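Q: The following block contains the structure, expressed as structure tokens.
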2 protein chains.
Amino acid sequence: MDEIPVPAPARGRGRPRSEESERAILDATRSLLKERGFAEFTIDEVSRRAGVGKSTIYRRWPTKGTLVFEAFMIEFLAELPPPDTGNLRGDLLAVLRSWIRAVKGTVTGHTLVGLISEVQRDPELAEVWAEKFVAPVRAQHRLLFERAIDRGEIASTIDVEVAMDLLFGPAYHRLLQRHLALDDRFAESVVNTILDGLLSAKDVSSS
Amino acid sequence: MDEIPVPAPARGRGRPRSEESERAILDATRSLLKERGFAEFTIDEVSRRAGVGKSTIYRRWPTKGTLVFEAFMIEFLAELPPPDTGNLRGDLLAVLRSWIRAVKGTVTGHTLVGLISEVQRDPELAEVWAEKFVAPVRAQHRLLFERAIDRGEIASTIDVEVAMDLLFGPAYHRLLQRHLALDDRFAESVVNTILDGLLSAKDVSSS
DNA sequence: TTAAATACGATACGTACGTTATCGTTAATC
DNA sequence: GATTAACGATAACGTACGTATCGTATTTAA
């Protein structure tokens, strides 16, 4: 083994890591994802395009998945500004629509799918994924519900974690299973059902 | 190429395919999934255990994913009897609980995760998956909602497809992201919210 | 100024595994 | 008995991740 890859070098004795190389690697990663997609993405090609040895890549990221994750993460969060429409329905609709716009038919979306697939087989990535993606995204969404509780829109007794899963679970489901389109009608229908329930639109002619 | 792998040979000239080999392959697949899991599953090991040449495997299944899928599918559907409790709430709760029981901490569950991951990179499997898994499972679930509409429990105008995604999307979400446990409380909370909505439990002290 | 430490790019290597190809053999039909 | 196709065994192919090696460059410390 060369050296311990994970902890940052702080400032030690030898030659410092090149920030320029790091930028070049991330740029090459992004352009390669754009041109070829996650499936045909290889570390060798990144190395070639960035004009960088493979050791320089592996010194920074332990696996292919963690590299792609970092390049992905940089823009994903930037594309999803936290909404504040003043009421829960508006916030949920906004956040779900933004997500769909960021993901449907985009490089970001394909990369997201590839990463979720990769998370299931790369334990190093799984750790980063839980800590740097799932946790912060959920923290952001949690706020929407907590604000609604503060406003008195919903009861403080509701299970916010389940509510978040009800909001995004169906979206990820359609993204991964591809059985039906992710469109605005879908977003509205999801939000309406979560808030009002299926029974609210019930016919009068019930038993 | 040897021969066309997909269409069944019907009954032609040469030596017929051995049903015994086919059984041995599927048995070896199941036991290997049980012992090692999807990640360490290899075709070579199946070939070895089944006492069968690799060509005999590839003659029947075009990719590793499609083989695992068939072995998986045989028991998955068997573990999920369609419920009929007489009302929608009972049916939804029953079907979701059964799914959780079949999937949580089981070989079936790990294989399901592996297959969903594999579907994203194996187009042959993706086709089989859509046709032989997603479609029939959804058809079964669609019945639950259609019966409820016939009973007058819910309006005929609701979007059943979205309703199905709301029921299982959160469950698949937790299965794949592993952020929270799949338990009975979760199942109940999901079903209650889908039927009643978050606003139904609203505090009286609202703005 | 020199030694130690570390990163650098280039490149070869090891490894794993899915998939294909080859081959002599066997079991069926015509 | 000729033809056809499946059989098991085994080798070969192709790909790509990740590691190792090496001579060089850049930094800090003595």
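All of the numbers you see were taken from the coordinates with simple rules; none came from a lab. Please read these numbers as outputs of a predicted model, since none were measured by experiment. Note that we place each Cβ from the backbone using ideal geometry, even for glycine, and neighbour counts take in every protein chain shown.
Q: Rounded to the nearest 0.05, what FRET efficiency do B:Ile149 and B:Arg185 give with R0 = 35 Å and r taken as the Cβ-Cβ distance? Could you check?
A: Values: r = 28 Å, r/R0 = 0.80.
Here the calculated transfer efficiency is 0.80.
Q: Residue separation times 0.36 nm, minus the C-alpha to C-alpha distance between B:Asp44 and B:Lys104: what's the value?
A: 18.8 nm
Q: Against the longest alpha carbon principal axis of chain A, how many degrees, from 0 to 90 and to the nearest 10, is the axis of helix A:64-78 turned?
A: Taking Cα atoms only, the helix is inclined about 50 degrees.
Q: Per the Debye formula with a single identical scatterer at each Cα and no solvent contribution, what log10 I(q)/I(0) holds for chain A at q = 0.07 Å⁻¹?
A: Here log10 of I(q) over I(0) equals -0.29.
Q: Please compute one quarter of the surface area of the Cα convex hull for the protein assembly as shown and express it in square nanometres.
A: So the Cα hull casts an average projection of 25.8 nm².
Q: Rounding to the nearest 10 and keeping the result within 0 to 90°, find how far the Cα-based axis of helix A:88-103 lies from the longest principal axis of chain A.
A: It is inclined by approximately 40 degrees.
Q: Here is a follow-up. Using a 7 Å offset from the Cα along the Cα-to-Cβ direction at both B:Arg121 and A:Leu77, what is the distance between the two label points in nm, to one decimal?
A: Roughly 2.7 nm, to one decimal.
Q: So how far apart, in nm, are the two label points at B:Ala139 and B:Asp84 if each is 7 Å from Cα heading toward Cβ?
A: 1.8
Q: Past 22 Å, Cα to Cα: identify those pairs from B:Lys64/B:Lys132; A:Lys54/B:Lys64; A:Lys64/A:Lys132; A:Lys132/B:Lys64, in the order given.
A: Check vs 22 Å cut-off fails for A:Lys54/B:Lys64; A:Lys132/B:Lys64.
Q: For the stretch A:113-166, count all C-alpha to C-alpha pairs, find those more than 15 Å apart, and express that count as a whole percent of the total.
A: Numbers: 808 of 1431 pairs.
Everything past 15 Å amounts to 56 percent.
Q: So what is the calculated 222 nm ellipticity per residue for chain B, using -39500 (n - 2.57) for each DSSP H run with n of 4 or more, over all residues, to the nearest 500 deg cm²/dmol? Display every interim value, and only then the final one.
A: Working: 10 runs with 130 residues, N = 207.
Mean residue ellipticity at 222 nm (helix-derived): -20000 deg cm²/dmol.
Q: Using per-residue counts of other Cβ atoms within 10 Å, averaged over each peptide, order A:55-66, B:91-102, A:159-170 from highest down.
A: So the peptides A:55-66, B:91-102, A:159-170, ranked by packing, come out A:159-170, B:91-102, A:55-66.
Q: Find the centroid of the Cα atoms in the stretch B:76-121 and in the stretch A:100-114, then give the distance between the two in whole Å.
A: Centre-to-centre (Cα) distance: 27 Å.
Q: Kirkwood hydrodynamic radius of the stretch B:148-207 from all distinct Cα pairs, in Å?
A: Taking every pair of different Cα atoms in the stretch B:148-207, averaging 1/r and inverting gives 13.4 Å.
Q: Separate question: For the stretch A:74-154, what Kirkwood radius comes out of the mean inverse Cα-Cα distance, in Å?
A: Kirkwood hydrodynamic radius for the stretch A:74-154: 14.0 Å.
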